[in-house]
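Participant: Take a look at this one; I'll ask things after.
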Amino acid sequence: MIKKCAKKCLEILTKISPKFSSCVLYFFRTKEIPHLKNPKNFNEKTTILKLGYADNELISKCADKYEVRGYVKNKGLENILNELYFVYDSVDDIDFEKLPNKFALKCTHGCAYNVICKNKENLDTKKVKRKLEKYMQEKYGQATVELHYLNIKPRIICEKYLCDNQGKMPLDYKIYCFNGKAKCILVCSERDEKLKLSYYDLNWNRLNFEKKNWSSNKDIEKPKNLEKMIQYAEILSEDFKFVRVDLYNDDGKIIFGELTFTPACCCAPYYSKEGNKILGEML
C-alpha cells in the first residue's frame with residue numbers, strides 16, 4: 001500500500017515539477033541527495049539527460065520495444081533481432097492457440113512488463129491477460145520521470161523464448177556506450193536464482209563498479225565474439241550521448257535485447273561509490 005501511495009504521489013509531483021520529482025525519487029532509491037546543478041557521478045549525469053528526453057522522438061522510438069526493431073534494421077543489423085511472432089494492439093488480440101510452447105510477451109511502452117512462458121501447458125491464460133491488461137493501462141514513466149516512455153504507443157509483442165543450454169535465462173551483456181564508443185560491459189547472471197552483476201572492461205578485466213551485495217562470485221567467461229558484440233553496440237549507439245546496448249549471446253549467436261537510456265531510472269542503487277564516479281567521468 002505504501003508503494004502504491006508513493007507511486008501516486010510521484011506521478012502527481014512529476015506533472016508539477018519533473019526535476020523535483022527526480023530528486024525525490026533519487027533520494028528514495030539511493031538514500032543520497034542528487035547534485036543536479038553540479039553533477040559528478042553517473043546517476044546524477046544521466047538524471048540530467050533524462051530530464052531532456054521528454055520530447056526526443058528518437059529516444060522514444062528506440063525505447064519502444066517494437067519500433068526499435070526498425071532502428072536496428074536501418075543500422076544494417078537486422079540479423080541480430082530476436083524472432084518476432086506477433087504484434088498486438090490489445091490483450092484481446094492474443095490467440096494463445098497460435099503461440100508456440102515457449103514464448104515471451106512484452107509490452108512495448110515500459111520496463112519489466114513481461115510474461116515469460118516456458119511451457120504453455122502450465123500457463124494460466126486468464127491470469128496472464130489480467131496482468132497484461134494492467135500493464136497496458138499504466139502510463140509507465142510518470143512515476144519514474146522517464147517521460148520519453150509516455151510518447152510510446154502501448155502494444156504487446158510476442159518473441160522467441162531465449163534460454164541457454166541448461167534451459168536457464170541466458171547471460172545478459174549490457175554494453176555502456178558514450179558518444180558511440182563502448183567503455184565497459186555489465187554482465188547480468190543468475191537471474192533464475194538471485195540477480196548478480198559483474199562489470200568488465202573491454203579487455204575482459206573485472207571492474208569493481210558494483211556493490212558487494214550485488215556482485216557475482218563467479219568469473220564469467222569472455223565471449224568468443226566479444227569484438228563483434230562491441231562493434232554492434234557502437235553502431236547502435238552512434239546517435240546518442242549515452243546509451244546502454246543490451247545484448248544476449250545465444251551459443252555464439254548475438255541477439256539484440258534493447259537500448260536503455262535511463263538505467264534503473266537513473267538512480268541505480270547497485271553502483272559502488274567508485275564505480276558511480278568512474279562511469280560519471282566517462283559521460
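Participant: Would you please classify the overall shape of region 19-87 from the alpha carbon gyration tensor, given that a ≥ b ≥ c denote the square roots of the eigenvalues, rounded means a/c under 1.5, and beyond that prolate means a/b larger than b/c while oblate covers the rest?
Facilitator: prolate
Participant: Which log10 I(q)/I(0) values, to two decimals, does the chain give at q = 0.14 Å⁻¹ under the Debye formula with one point per Cα?
Facilitator: Scattering profile of the chain, log10 relative to I(0): -1.13.
Participant: What residue among A104, A63, A112 shows peak mean-square fluctuation when the chain is described by a Gaussian network model with Cα springs under 10 Å?
Facilitator: A112
Participant: About the Cα centre, and with charges only on the beta carbon of Lys, Arg (+1) and Asp, Glu (-1), how big is the dipole of region 172-261? Nearest 20 debye, please.
Facilitator: I would put it at about 360 debye.
Participant: Now a separate question. What relative contact order, as a whole-number percentage, does region 2-159 give when Cα pairs under 8 Å and 6 or more residues apart are counted?
Facilitator: On the way: 192 pairs, mean separation 48.2, N = 158.
Relative contact order of region 2-159: 30 percent.
Participant: Tell me the relative contact order for the chain as a rounded percent, counting alpha carbon contacts under 8 Å between residues six or more apart. The partial results should precede the final answer.
Facilitator: Values: 489 pairs, mean separation 66.1, N = 283.
Worked out over the chain, it gives 23 percent.
Participant: Oh, and also: Distance between Cα centroids, region 117-185 to region 64-92: provide it in whole Å.
Facilitator: Centre-to-centre (Cα) distance: 13 Å.
Participant: Would you please give the residues with an amide H less than 5 Å from that of L81, counting only those at least 5 places away or on a separate chain, with H modeled from the backbone geometry?
Facilitator: Counting only residues 5 or more places away or on other chains, the set is F256.
Participant: Label region 172-261 by shape, choosing from rounded, prolate and oblate, from the square roots a ≥ b ≥ c of the eigenvalues of the Cα gyration tensor; if a/c is under 1.5 it is rounded, and otherwise prolate applies when a/b is larger than b/c, oblate when it is not.
Facilitator: prolate
Participant: Continuing with this model, one more query. If the cut-off is 27 Å between C-alpha atoms, which lysines fall inside it for K224, apart from same-chain ones fewer than 8 positions away?
Facilitator: Result set, ordered by chain and number: K73, K75, K160, K168, K174, K181, K183, K194, K196, K253.
Participant: What dipole magnitude, in Debye to the nearest 20, does the chain give about its Cα centre under +1 on Lys/Arg Cβ and -1 on Asp/Glu Cβ?
Facilitator: 1000 debye
Participant: On to the next question. Classify region 83-204 from the C-alpha gyration tensor, please: rounded if a/c falls under 1.5, else prolate or oblate depending on whether a/b exceeds b/c.
Facilitator: Here region 83-204 falls in the oblate category.
Participant: Got the relative contact order for region 172-261 handy, in percent, Cα pairs under 8 Å and 6 or more residues apart?
Facilitator: 33 percent
No lab work stands behind these numbers, since they all come straight from the coordinates. These figures come from a predicted structure and were not determined experimentally. Positions of Cβ are generated from backbone atoms using ideal geometry, with glycine treated the same way; all protein chains shown enter the neighbour counts.
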